[in-house]
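Have a look at the structure that comes next, please.
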Amino acid sequence: MRPKLGLRGLKLEKVLVLTGRDAVKISVASIITAFILFSIFLLLEGANPIEAYGHIFSYAFDPRLGLPTTIHRSTILLFATLAFILPLKAGLWNIGMEGQLYLGTVGAFAVAYAFGNLPSGILIPLMLITAGLFGAIYGAFAGFLKGKLGVNEIVITLMLNLIGYWLLYTLVVGGPWMGIAESQSRPLPASAWAPMIWKVPFTVFLAPAIAVMLYFLFKRSTIGFQVKALGSSQPAAEHAGINPLKISLFVMVVGGALMGLSAYHTWAGDPAFHLIPRPEGYRGIGELTYWGIMVGLICILNPLAAIPAAIFVGSLKEGGTVLVRRLGLTYGLDYVFMGILFLTFVALQFFYRYRIMRVKKKG
Amino acid sequence: MPALTQKIRNIVSRTPMKRGRRIRKIPLEGIKRGETILRTKGITKKFPGVVANNHIDFEIKAGEIHAVLGENGAGKTTLMNILFGILRPDKGEIYVRGRRVEFKSPLDAIDLGIGMVHQHRKLIPAHTALENIVLGHPKTEKILDMRRAGGEVKELCRKYGFKIDLNTRVWQLPAGEQQLVEILKALYRGAKLLILDEPTSVLTPLETERFLKSLRTMAKGELAIIPFITHKLPEVLSVSDRVTILRRGKVVKHLETRKATMKALAKHMVGREVLFRLKKPKVKKGKEVLRVENLSALSDKGILALKGVSFSIREGEIFGIAGISGNGQHELAEALAGLRKTEGGKVVFQGRDITRASTLERLKKGIGYIPPERVGVGTVGEFSLVDNIAMNLYFDKEFSKRGLLDYKRIRKHTEKAISEFDVMAPNIDTKAVHLSGGNLQKLILARAIPRTPRLLIANLPTHGLDVGATEFVRNRLMACKKEGMGILLISEDLDEVLQMSDKIAPIYEGKFVDIVPAEKASKETMGAMMAGAPLERRTKRRGKQLLGGHK
Amino acid sequence: MWPFIARCLEVATILLFAGIGELLDQRSGVLNVGIEGLMLFGAASGFITAFHTGSLLIGFIIGTAVGGIFGFLHGLFSITLKVNQIVSAMGIWIFAIGFTTFWADRYSGSTVPLSPRMGNHLSPLFFLAIALVFIVWFILSKTHLGLKIRSVGEDPSVAEATGINVVRTRYPCVVVGGLLGGLAGAFMSLTYLRLWGHLPTDGMGWIALALVLFSMWKPWILLAGALIFGVVWQFGISPELFVPGLGLPLGVCRMFPFIATIVVLIVISTPKFRRKWGLAKPAALGLPYIKE
């Protein structure tokens, strides 16, 4: 395909296969472009971009101010990113992180309320396992439908998200788990609280560890190989004896389990919570999981890259709140940045297929 | 600013030119029999490394059938594409009815009354025949008047003796009728010159006969037809008035058909005695590797495509299935590979019933499958050579220990396999997408054969390969046979099947017409059976009913 | 009873607008899973406009237009830049989540003036939606344009060979899909809800997508599905109007439409329906058209 762009002899050339290096260049370019566009946006809103970025990151990483929350949210985001990356490597779009998080919440809290008097050493692992299990089952449902019947997993997982939202709603708002305030839950027993290591919940170390494990899963493991094969070409994978149903289930179960684990981290890991908040509150965390989609795509589905990326996005989100307080800007600017970043990334995906080359002048 | 607007306009609409309702520049209407419709002078087209067309002079008159013969690579496709406006010649001129023309795109050619019927249907399967015919026609009204259009097309059908139900969906039509739809499409757009690309390659002998009759009828008037062919020389020559032979980009001979003999034509096409005589090694047949009993399977559309076939293959034996694609052989191959559910029957491999076994189990037990599509199915483009080879190793305890792949072993194995099978690539980490078709096929062989399967299913193994790669694949299969592998060979090339197989089974409409030992098989008998030859001919030769197939 | 039916028909209207737009879009081969995003933009922009101008009509127009802009954007990404269509639509949707929250949530709780209703209960736009179903059906099955659109959705290279400009056929379909998605959203915020809350679309855009799949790309089946789901949705909101004394907690009732959608999707994926569905599917759906 060679349409002339009318610009001093440039032409477009098709890309045969995208090298890792090029993909990284594109992702970095989209981040930089997003920053530039967001800076323009800030200017339009009447703020000095450099000052704003300074505020954002100084707040987000200040141990006395935003750092604990930044770390907390980044960990949730990392879990969500990993839960998105793994299925997509097999070709499945898991958009159900929100719902899997909610189901994990149900599992964890059910255990905590029922067995609150058990010592932490038993209660917490039990909560983790149950939360993971609930999330895994939720994921398995979608994975099974996709693997066996070929049902569109995007719509299914989304429906499950909404069902999960209302499930929590039923339990919390005027329901059996209702606490003192009518729309939030009873607090967790103290034995359920996540123990802190270096002032952060232990789950914070769990997430990066899992990211590293996933990296090695893809690089060296047999099942990781099958996942990649299925994601590259289902017919080829089937010809090689790979069972699409088995692999679909595997990725969705693990993805769901990861989000289930993150549920424990979310509520039991942040002293500000230690219970299920009002629907607006837990919805806010649920929405955070959608950024996992964007982070996962920008990281080119690389679990290791997801770690710094999640921290970066988490800090942006947390630091964004300071813009409201300190600079009087409107609430929700972090959303705008995310949106811009996603749009620039999508636009730059063009370069996944085409390269701009200079036309060689024929002598 | 204007440049920017133009850039935006270019981006929004990527066609090279505007299309609207065009008036014919040179009306081919009113052309009379015997008038020269099209003439080329000195057409030359070069591609990197090869001169595809070298000063080709060609001419066709109205009411004439002028066949163009040539082997693969002789330049037929290039010339065809130039005549239809798909390619532009580097040098040379084209004259239509005496006036010089230049085609910027096929639409120019169509406007001038030139139509092309491609080898691979350019029709939309989901639409009806009539819808395909009227699609995009400038004359078609905004609100479709199918009755009027149907009437006009029916008139065309009557004129040329085509029998076809215009309201069936194209995917339901057999190959011969699909071809008629394409011809009608061209005629409906006013084509007076038809270029046919390998028109009989996918037709059964019966369909071919009907087609040739239609050709004769069409050429009775002022239509001119250029069939471009490689095979089935006798049939097409039986209807053509003149023949032009291409070899290596040049016109080597140009004569009237009645003055030509088959032998002379073949010699001109090829230039030398290309004797592709395969040495069929004398191999002692071992014990039975595969036994199939009454196997049936559905096609992708849910119709019964395989209707109860039974046969067996022994070690060191090549069992060849000859048939035109679409008669159930593909479903048979997939059923044996475990990729398709069966609707009855039994498959016994090395004495064990594997009818319900999964693909993975069959791979492990020693069945290898070479699929017809190399790209995307047989290989994964984004995967390196190593990973492609690993697709058949990951389940093997030798290469996968405790859930982890032993890449060191896998890489060593890959190096060996790549060199043994002559796969041309910079290194084993090259991604498969960079490989040519022949190399991909070698990669597929390199993946399956070193595992020493006891049964190798080769489904269209030389399809679309050039001469060198074809030779390589065939020699390889012979080597496998010598090593005692049982091979099921499925091919559309009857010569290939006849040369390589020990036993041949022509397949027609899901059943084996017969199973014939190679010594007793001839091209005529096999060809006839492949087309569901009429009962009397077979009865005469065999003396008994042979439907349903048996050992 | 009648107000309940009216609300059901309003939901059906929303689903119809969004669905028929997407149906047309998909028939031309472009997949837009981000209907929810289009609806959000339509809802937000329509609401804010109506709030400030006091005119519902302008609100509707702006809401529809904004939807069209994002439909065009999706088309630009998918058709011209040939980006993965799912990624593009997801991008627009997530952008919508963020941006409309930022932009419109300050209006939470505000209302807009009452929209004109027929016979005191039903918005006239319902009839517009039905008319649209008829129009789209007519175009697709009875006109040359419709044949071209369908061909482009089945096999763009064959269509191009007959002289059809694939790009020029697909863009209008995608833009119309965007316009109607925006209209659906505007209708939701201006007529159905009449006040703003965080992310008002609540999953309806996804249900519309599921309906398009379920309808096997036939407008009349889409109509039937929209009517049914209109009832199911409204039942989830106010079950007591339909079945008094049911006594189920609110949350459980609100789940019904989503459970129903899952059931519907499972049903059409069973082998019995799958073949018919596979044949009805535009063969080139979701695939970028690359000219050789």
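Computed from the coordinates by the stated procedures, all read-outs in this text should not be read as laboratory data. Every value quoted in this text rests on a predicted model; they were computed, and no experiment measured them. Neighbour counts are summed over all protein chains in view; Cβ atoms, including those assigned to glycine, are modelled from backbone coordinates with ideal geometry.
Roughly what angle does helix C:125-142 make with the longest principal axis of chain C, taking Cα atoms, 0 to 90 degrees, to the nearest 10?
Compared with the principal axis, the helix lies near 10 degrees.
Partner chain Cβ atoms within 10 Å, averaged over the residues of A:165-177 - can you pull that number for me?
4
Calculate, in whole percent, how much of the Cα-Cα pair population of region A:44-195 lies beyond 28 Å.
It works out to 38 percent of all Cα pairs.
Oh, and also: Once amide H atoms are placed 1.01 Å from N in the peptide plane, what residues at a sequence separation of 5 or more from B:Leu404, or on another chain, have their amide H within under 5 Å of its amide H?
Correct list: A:Thr222.
Over every pair of different alpha-carbon atoms in chain B, take the mean of 1/r and invert it; report that Kirkwood radius in Å.
Kirkwood hydrodynamic radius for chain B: 26.1 Å.
Here is a further query. Radius of gyration and Dmax for region B:423-532's Cα atoms, expressed in Å?
Radius of gyration, then largest Cα-Cα span, for region B:423-532: 15.7, 49 Å.
Separate question: Any idea what log10 I(q)/I(0) is at q = 0.16, 0.25, 0.27 Å⁻¹ for region B:355-399, Debye with uniform C-alpha scatterers and no solvent?
-0.50, -1.03, -1.10
Rg over Rh of region B:423-472, using C-alpha atoms and the Kirkwood radius, what does it come to?
Dividing the radius of gyration by the Kirkwood radius yields 0.98.
Oh, and also: Using mean Cβ contacts within 10 Å as the protection proxy, how do A:240-252, B:319-331 order, highest first?
B:319-331, A:240-252
Then there's this: Taking the Cα atoms of region B:331-439, report the difference between the largest and smallest coordinate on each principal axis, in whole Å and largest first.
47, 34, 22
Moving on to the next point. Give the percent of DSSP beta bridges with both residues in the protein assembly as shown that are antiparallel, rounded to the nearest 5.
Just about 60 percent of them are antiparallel.
Further question on the same structure: Counting only other chains, and only Cβ atoms inside 10 Å, what mean value do you get across the residues of C:81-91?
For this peptide, the per-residue mean of nearby foreign Cβ atoms is 6.
Also, I was wondering about something else. Taking 2.2 N^0.38 Å as the expected size of a compact globular protein, what ratio does the Cα radius of gyration of region A:140-206 give against it, to two decimals?
With N residues counted in region A:140-206, Rg over 2.2 N^0.38 Å equals 1.62.
Taking only DSSP H segments of four or more residues, each worth -39500 (n - 2.57), what value at 222 nm results for the protein assembly as shown once the sum is divided by all its residues, to the nearest 500 deg cm²/dmol?
So the helix-based figure for the protein assembly as shown works out to -17000 deg cm²/dmol.
Using the Karplus equation 6.51 cos²θ - 1.76 cosθ + 1.60 (θ = phi - 60°), what ³J(HN,Hα) coupling, rounded to whole Hz, does each residue of region B:134-141 give in order, writing x for Gly and Pro?
8, 4, x, 6, x, 7, 5, 6
Sticking with the crude label model, points 7 Å out along Cα→Cβ, report the distance from B:Lys408 to B:Lys346 in nm, one decimal please.
4.8
Now for a different question. How large are Rg and Dmax for the protein assembly as shown when only the alpha carbon atoms are used, in Å?
In Å, with Rg to one decimal and Dmax whole: 33.3, 105.
Give the Rg (one decimal place) followed by the Dmax (whole number) of region C:193-236, computed from C-alpha coordinates and expressed in Å.
Rg then Dmax for region C:193-236, in Å: 11.9, 34.
Send over the semi-axes of region C:150-252's equivalent ellipsoid, whole angstrom and largest first, taken as the square roots of 5 times the C-alpha gyration tensor eigenvalues.
So the three semi-axes of region C:150-252 are 37, 17, 10 Å.
For A:Trp177, what is the net charge nearby, where nearby means another residue's Cβ is under 15 Å from its Cβ and Lys, Arg count +1, Asp, Glu -1?
Here the charged neighbours net out to +1.
From the phi angles alone, apply the Karplus equation (6.51, -1.76, 1.60; θ = phi - 60°) to region C:38-46 and give each ³J(HN,Hα) in whole Hz, x where the residue is Gly or Pro.
Residue by residue, region C:38-46 yields 4, 5, 4, 5, x, 5, 5, 5, x Hz.
Still on this structure, please answer the following. Roughly how big is chain A's charge dipole about its Cα centre, with Cβ charges of +1 (Lys, Arg) and -1 (Asp, Glu), in debye to the nearest 20?
1960
With label points built 7 Å along Cα→Cβ from the Cα atoms of B:Asp495 and B:Asn427, find their separation and express it in nm.
4.2
In whole Å, what is the distance between the alpha-carbon centres of region A:126-159 and region A:239-283?
Region A:126-159 and region A:239-283 have Cα centres spaced 9 Å from each other.
First check a/c for region B:152-208, with a ≥ b ≥ c the square roots of the eigenvalues of its C-alpha gyration tensor; if it is under 1.5, answer rounded, and if not, answer prolate when a/b is larger than b/c or oblate otherwise.
Verdict is oblate for region B:152-208.
From the phi angles alone, apply the Karplus equation (6.51, -1.76, 1.60; θ = phi - 60°) to region A:64-75 and give each ³J(HN,Hα) in whole Hz, x where the residue is Gly or Pro.
Per residue, the Karplus-derived 3J(HN,Hα) values read 8, 10, x, 4, x, 5, 4, 4, 4, 5, 4, 5 Hz.
In addition: Order of B:42-50, B:494-502 by packing, highest average Cβ count within 10 Å first?
So the order, starting with the most tightly packed, is B:494-502, B:42-50.
At q = 0.19, 0.22 Å⁻¹, work out log10 I(q)/I(0) for region A:205-323 with the Debye formula, treating every Cα as an identical point scatterer and leaving solvent out; two decimals please.
Rounded to two decimals, the profile gives -1.16, -1.39.
Could you check how many percent of all C-alpha pairs in region C:2-280 are farther apart than 33 Å?
The proportion of pairs with Cα distances above 33 Å equals 19 percent.
Moving to a separate point now. Can you tally the net charge around B:Arg362? Count Lys and Arg as +1, Asp and Glu as -1, for every other residue whose Cβ sits under 13 Å from the Cβ of B:Arg362.
Charge balance in the 13 Å sphere: +3.
Give the Rg/Rh ratio for chain A, taking Rg as the radius of gyration of the Cα atoms and Rh as the Kirkwood radius, to two decimals.
Expressed as Rg/Rh, it is 1.02.
What order do you get for A:223-230, A:271-278, A:65-72, B:507-514 when each peptide is scored by the mean count of other beta carbon atoms within 10 Å, highest first?
Highest to lowest by the protection proxy: A:223-230, B:507-514, A:65-72, A:271-278.
In straight Cα distance, which lysines are under 30 Å from A:Lys199, not counting same-chain residues fewer than 8 positions off?
Straight-distance partners of A:Lys199: A:Lys317.
Now a separate question. Shielding by partners for C:150-160, please: the mean number of other protein chain Cβ atoms within 10 Å of each residue's Cβ.
Taking the mean over all residues of the peptide, I get 4.
Out of all DSSP beta bridges with both ends in chain B, state the antiparallel percent to the nearest 5.
Of the beta bridges lying entirely in chain B, close to 55 percent run antiparallel.
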